[in-house]
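Since the structure comes first, as C-alpha cells, the remarks are kept for the end.
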Amino acid sequence: QVQLVESGGGLVQAGGSLRLSCAASERIFNNYGVGWFRQAPGKEREFVAAISWSPGTTYVADSVKGRFTISRDNAKNTVFLQMNSLKPEDTAVYYCAAGSLVQLRIGRVNYWGQGTQVTVSA
C-alpha cells in the first residue's frame with residue numbers, strides 16, 4: 001500500500017517550535033524524494049522543503065531557510081520537518097508529498113498525505 005501519514009501539527013506561540021513527522025510506506029520511502037508543502041487559507045499551496053531518498057540532498061524554500069530543517073530516519077521510514085522560530089505567517093495546513101526530488105520543487109507530486117494543521121499564535 002502506498003501512503004504518507006503526517007503527524008505533529010498543533011497550536012504554538014510565535015517563536016516556538018514544532019516537529020512534523022511523515023511516515024511513508026516502504027515503497028515510497030525507498031524510491032522517491034519526500035517533501036513538505038503548506039497551504040494557508042486563501043493562498044495557493046507552496047513548496048516548503050524536500051529530501052532525496054539517498055540522504056544528503058535537501059531543498060528548503062527561501063521563506064523558511066534558517067528556521068526549518070528537513071531530515072529522514074531510514075530505519076523508521078519517516079521524514080521530519082523541524083520548525084523553529086515559528087511566525088504567525090507559518091500558519092497553514094502542512095502536507096507531506098512524494099515524488100522526484102527535482103519535480104517536488106516545482107510542485108509536481110506523485111503522492112500526497114492528508115495534511116496536518118499548524119497554527120502559530122501571535
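The values are calculated or read from the model by the stated rules, or taken from the named source; none is laboratory data. These numbers come from a predicted model, not from an experiment. Cβ: placed from backbone, ideal geometry, glycine included. Neighbour counts: every protein chain shown. Ligands, DNA and RNA are excluded from the accessible area calculation, which covers all protein heavy atoms including side chains. Shrake-Rupley method; radii C 1.70, N 1.55, O 1.52, S 1.80 Å.
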Within the range 1-44, considering residues that are closer than 13 Å to THR91 by Cα and in a strand (DSSP E or B), the one farthest from the chain's Cα centre (by Cα):
GLN13
Being out of contact with any Gly (no Cβ under 7 Å at 6 or more places or on another chain), in contact (Cβ under 8 Å) with a residue 12 or more places away in the chain and polar (S, T, N, Q): is that true of GLN39 here?
yes
Quick one: ALA75 ticks every box in (1) open to solvent by less than 20 Å² (accessible area, probe 1.4 Å); (2) over 23 Å from GLY10 (Cα atoms) bar one, so which box is it?
(1)
Being at pLDDT 95 or above, farther than 17 Å from ALA23 by Cβ and in contact with a Ser or Thr (Cβ under 8 Å, 6 or more places away or on another chain) narrows it down to one residue among THR91, THR116; which is it?
THR91
Can you tell me which residues in the range 85-95 are in a strand (DSSP E or B) and not aromatic (Phe, Trp, Tyr)?
ALA92, VAL93
Counting only residues in the range 81-122 that are open to solvent by 30 Å² or more (accessible area, probe 1.4 Å), within 14 Å of the chain's Cα centre (by Cα) and hydrophobic (A, V, I, L, M, F, W, C), the one nearest to ASN31 (Cα to Cα) is identified as VAL109
Residue within the range 52-62 that is touching a Leu at 6+ places or on another chain (Cβ under 6 Å) and farther than 17 Å from THR116 by Cβ present:
yes
Quickly run through the range 45-84 and pick out the residues that are under 17 Å from ALA23 (Cβ atoms), in a strand (DSSP E or B) and either of a type in the set (S, T, N, Q) or without any contact (Cβ under 8 Å) to a residue 24 or more places away in the chain (or both).
SER71, ASP73, THR78, GLN82
For the range 18-37, which residues satisfy the criterion of being charged (D, E, K, R) and either buried (at least 24 other Cβ atoms within 10 Å of the Cβ) or at pLDDT below 95 (or both)?
GLU26, ARG27
